[in-house]
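*Asks:* Before anything else, here's the structure in question.
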Amino acid sequence: MAKLVSLADGVAELVRDGDTVALEGFTHLIPFAAGHEIIRQRRRDLTLVRMTPDVIYDQLIGAGCARRLVFSWGGNPGVGSLHRFRDAVQNSWPVPLELEEHSHAGMANRYVAGASGLPFAVLRGYTGTDLPRHTTNIRPIECPFTGETLTAVPALRPDVTVVHAQRADRAGNVQMWGITGVQKEAVLAAQRSLITVEEIVDELEPVPGQVVLPGWAVTAVARVPGGSHPSYTQGYSVRDNEFYRAWDAISRDRDTFTDWIARHVHEAEVPA
Amino acid sequence: MTEYTADEMMTVAAARQLRDGTACFVGIGLPSTAANLARATHAPGLVLIYESGCLGAKPDRLPLSIGDGVLADTADAVVSVPEVFNYWLQPGRIDVGFLGAAQLDRYGNINTTVVGGDYTDPKVRLPGAGGAPEIAASCGEVVVVVRQSLRTFTERVDFVTSVGYGSGPGDRARLGLRGGGPRTVITDLGVLEADPATCELTLTRLHPGVTVDQARAATGWPLAVADELATGEPPTADELAVLRALEATKRTAR
C-alpha cells in the first residue's frame with residue numbers, strides 16, 4: 001500500500017543523487033511542485049527522462065540537477081525554445097548535459113516495455129532518420145515471422161517516476177483523468193514512484209476516462225494542491241499560459257534565471 | 001479587396017489543402033491554426049488528432065499547446081500517448097500529417113533537431129523530433145508548412161529528423177515507409193508539390209503578387225518550376241474573418 005507522505009519527505013526518500021528520474025505529464029498534470037522540491041533538495045547527477053522536457057526540466061537543468069537527458073521533444077510548447085536547455089547543450093552551463101534523443105513513438109514504447117517487464121519494444125519508427133547514428137539505443141530487428149525489418153528500443157526503467165494526479169484515497173489508490181499521457185506506463189516501469197495529488201478523499205468516485213493506479217502499485221502519495229502549476233489539473237485548475245510566455249524572458253538570461261529560482265523555489269514557502 | 005499578410009495567405013493555403021471527412025494529425029502552431037480554420041470553413045467533418053491523445057477534438061479557440069484542456073473536453077475520445085502512436089498512427093489510420101520544419105531539402109527531408117556545427121556541439125539546438133519521424137513515415141500523406149527562405153530551404157539538411165523522399169525515387173519503399181510522404185509544401189510564397197517521377201519538390205503555384213524569381217531567390221537549390229505555374233486565389237473575406245477570429249482567441253486565452 002502506498003505511503004502518504006509530505007512532498008519534502010517523499011522526495012528525500014525516493015529521489016537520490018545519480019538516479020534516473022522520470023517526471024511525466026503531457027502538458028496536463030506536469031508535477032512542477034515535485035520538480036521544485038528536487039531543486040530545493042539540491043539533487044545532482046540525475047539522468048532526467050521525459051518525452052517533452054519543457055519548463056520544469058528547463059528549471060532542473062538550469063539549477064544543475066541533471067547530468068543526462070533522455071527525451072524526444074525539448075521546447076516551451078507554443079512559445080519557443082528552452083533557453084536553459086540550449087545553454088547547457090551549447091555552452092555546458094551550469095554543467096555539461098549529455099543527450100539521448102528519441103521520437104515520441106520510441107519513448108512511449110520504451111515506457112510500455114518497462115511497464116510490461118520486457119527488455120525492449122518494437123515499432124515502425126526512426127527508419128531513415130539520423131537519430132540512430134547518435135545512440136546505440138535504437139537498433140534494427142528482424143521480425144521472426146515475416147522477416148520484415150523493424151526498430152527495437154530498450155525498455156525504460158527509471159529508478160523513480162514522479163507524476164501529478166487529481167486525487168487519491170487514504171489507501172493510496174490514485175485517480176487521474178483528462179489527458180493522461182504516458183503516466184501509467186511511466187509509473188509501472190519505475191522501481192519507485194511518487195505521486196502528488198490535488199486532494200486526498202475518503203472514496204474515489206468514478207470519472208469518465210479515468211486511469212486508476214492501485215495503491216499497491218505506488219510507493220508514495222503526497223498531497224500538493226496546485227502541484228501542477230503552471231501546467232494544469234483538469235477539474236481543479238487551468239493552464240497558466242501567461243507563465244509559459246513569461247518563462248521565455250525569465251530563462252533567457254543566467255542571472256535572471258538564477259534569481260527566479262532563488263526567490264520562487266529555494267525561498268518559497270512550502271506547506272508541510 | 002481586403003489586405004492580408006503573407007502568413008495569413010500561407011495559413012489559408014494550408015487549410016484549403018485539407019479535405020472534409022479526412023483524419024488529420026495536427027501539431028501545435030500554424031498546423032493547428034490551419035486545421036481549425038479548415039474545420040470552421042470548408043471541412044466541418046475534418047477529424048483533428050493531437051498527439052496528446054485527443055481524437056476528434058473540436059476546439060472553439062486555438063490551443064497554445066497540444067495538451068490544452070479544450071482539446072480533451074471536446075474530443076470524441078482521449079487515449080493514452082502509447083495508444084495514439086501505436087493504434088492510430090502506426091497502422092496508417094491517419095490520412096494527413098501536418099509538419100513544420102527548421103530546414104527542408106528538395107526531397108522534403110526535414111530537420112527540427114540541430115543547425116550548424118555538429119550534433120554534439122551544434123550552433124543552434126532545436127526542440128528535436130517529437131512525433132514527427134513517425135508522422136512522416138506513416139500518415140497517408142504529409143503537408144509541410146514552412147516559411148520559404150535560404151535559411152529553411154537548404155541544399156542539404158544538417159540533420160534528418162523526418163524522412164521525406166530520402167535521396168529520391170524508391171527510397172521510401174526501400175526504407176519500408178508505408179505512408180505517401182510529403183506530397184505538398186505550403187510556404188509564404190506559394191505551393192510546392194513532389195513530382196511523381198522524380199520526387200523533387202516542384203513549384204506549382206504562387207500566391208498572388210509573388211514572382212518565380214522571388215521563390216528561386218528563397219531556395220537553396222536550383223528550384224524546379226512546373227510548366228504550367230498557377231497563381232493561387234487570395235484569401236476570401238470569409239476565410240480571413242474566421243482566421244482572425246481564431247487568432248484573437250489565442251490572445252484572450254487564459
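Just so you know, all these numbers are worked out from the coordinates, no wet-lab data involved. Computed from a prediction, not measured in an experiment: that's the story for all the values here. Every residue, glycine among them, receives a Cβ derived from its backbone with ideal geometry; neighbour counts consider all protein chains shown.
*Asks:* Can you sort B:L126, A:L204 so the residue with the fewest Cβ neighbours within 10 Å comes first?
*Replies:* A:L204, B:L126
*Asks:* If you line up the Cα atoms of region B:1-156 on their principal axes, what length do they span on each, largest first, in Å?
*Replies:* Computed over the Cα atoms, the extents are 48, 45, 26 Å.
*Asks:* Here's a follow-up. For A:C143, B:C199, what's the fewest-to-most ordering of other Cβ within 10 Å of each Cβ?
*Replies:* On the way: A:C143 10, B:C199 22.
In order of increasing Cβ crowding within 10 Å: A:C143, B:C199.
*Asks:* Which ³J(HN,Hα) values in Hz, rounded to whole numbers, follow from the phi angles of region B:181-190 under the Karplus curve 6.51 cos²θ - 1.76 cosθ + 1.60, where θ = phi - 60° and Gly and Pro get x?
*Replies:* Whole-Hz 3J(HN,Hα) from phi for region B:181-190: x, x, 5, 9, 10, 9, 10, 6, 9, x.
*Asks:* So, one more: Excluding residues on the same chain fewer than 8 positions from B:K58, give the aspartates and glutamates whose Cα lies under 13 Å from its Cα.
*Replies:* B:D68, B:D73, B:D76
*Asks:* What list of ³J(HN,Hα) couplings, whole Hz, do you get for region B:23-40 from phi and the Karplus terms 6.51, -1.76, 1.60, once you set θ to phi - 60° and write x for glycine and proline?
*Replies:* Computed from phi, the couplings for region B:23-40 are 9, 10, 8, 10, x, 7, x, 4, x, 5, 4, 5, 5, 6, 5, 4, 5, 8 Hz.
*Asks:* Roughly how crowded by other chains is peptide A:34-45, in terms of the mean Cβ count from those chains within 10 Å of each of its Cβ atoms? Don't skip to the end; give the middle numbers.
*Replies:* Numbers: counts 0, 0, 0, 0, 0, 0, 0, 0, 0, 0, 0, 0.
Partner Cβ neighbours, averaged per residue: 0.
*Asks:* What 222 nm value per residue comes from the helices of the protein assembly as shown, counting each DSSP H run with n ≥ 4 as -39,500 (n - 2.57) and dividing by all residues, nearest 500 deg cm²/dmol?
*Replies:* Details: 15 runs with 136 residues, N = 526.
-7500 deg cm²/dmol, from helical runs alone.
*Asks:* Here is a further query. Calculate I(q)/I(0) for region A:167-252 by the Debye formula, one identical point scatterer on each C-alpha and no solvent, and give its log10 at q = 0.14, 0.16, 0.24 Å⁻¹ to two decimals.
*Replies:* Cα-only, vacuum Debye calculation for region A:167-252: -0.54, -0.68, -1.23.
*Asks:* Enter the mean projected area of the convex hull around the alpha-carbon atoms of chain A, in nm², rounded to one decimal.
*Replies:* 14.6 nm²
*Asks:* Given an 8 Å cut-off on Cα distances and at least 6 residues of separation, report the relative contact order of region A:143-252 as a percent.
*Replies:* 27 percent
*Asks:* Once amide H atoms are placed 1.01 Å from N in the peptide plane, what residues at a sequence separation of 5 or more from A:V49, or on another chain, have their amide H within under 5 Å of its amide H?
*Replies:* A:V21, A:A22, A:L23, A:V70
*Asks:* What nm value, rounded to one decimal, do you get for the distance between A:V270 and A:V95 when each label is placed 7 Å out toward the C-beta?
*Replies:* 1.8 nm
*Asks:* Over chain A, with a Gaussian network built from C-alpha contacts below 10 Å, which listed residue (A:R43, A:R133, A:R110) shows the highest mean-square fluctuation?
*Replies:* Its mean-square fluctuation being the largest, the pick is A:R133.
*Asks:* Shifting gears a bit: Pairs of Cα atoms under 8 Å, at least six residues apart: use those to get the relative contact order of chain B, whole percent.
*Replies:* Working: 547 pairs, mean separation 47.3, N = 254.
It rounds to 19 percent for chain B.
*Asks:* Tell me which residues come under 5 Å, amide H to amide H, from B:L206 once H is placed; ignore anything under 5 positions away on its chain.
*Replies:* Placed amide hydrogens put B:V191, B:A230, B:T231, B:G232 under 5 Å from B:L206.
*Asks:* If we restrict to alpha carbons, what Rg and Dmax does the protein assembly as shown come to, in Å?
*Replies:* Spelled out, the Cα radius of gyration and Dmax of the protein assembly as shown are 22.8, 72 Å.
*Asks:* Among the DSSP beta bridges whose two residues both lie in region B:6-253, what percent are antiparallel, rounded to the nearest 5?
*Replies:* Values: 19 of 38 bridges.
Beta bridges within region B:6-253, antiparallel portion: roughly 50 percent.
*Asks:* Just want the ordering: A:K3, B:K123, from fewest to most Cβ atoms lying within 10 Å of their own Cβ.
*Replies:* On the way: A:K3 16, B:K123 11.
Taking fewest neighbouring Cβ atoms as first place, the list is B:K123, A:K3.
*Asks:* Still on this structure: Lysines within cross-link reach of A:K3: Cα-Cα under 26 Å, excluding same-chain residues under 8 positions apart?
*Replies:* By straight Cα distance, A:K3 reaches A:K184.
*Asks:* Using amide H atoms built 1.01 Å from N in the peptide plane, name the residues 5+ places from B:V143, or on other chains, whose amide H lies under 5 Å from its own.
*Replies:* Placed amide hydrogens put B:G97, B:F98, B:L99 under 5 Å from B:V143.
*Asks:* Please find, in a Gaussian network model of chain A (springs between Cα atoms separated by less than 10 Å), the residue of A:L99, A:L29, A:L194 whose mean-square fluctuation is greatest.
*Replies:* A:L99
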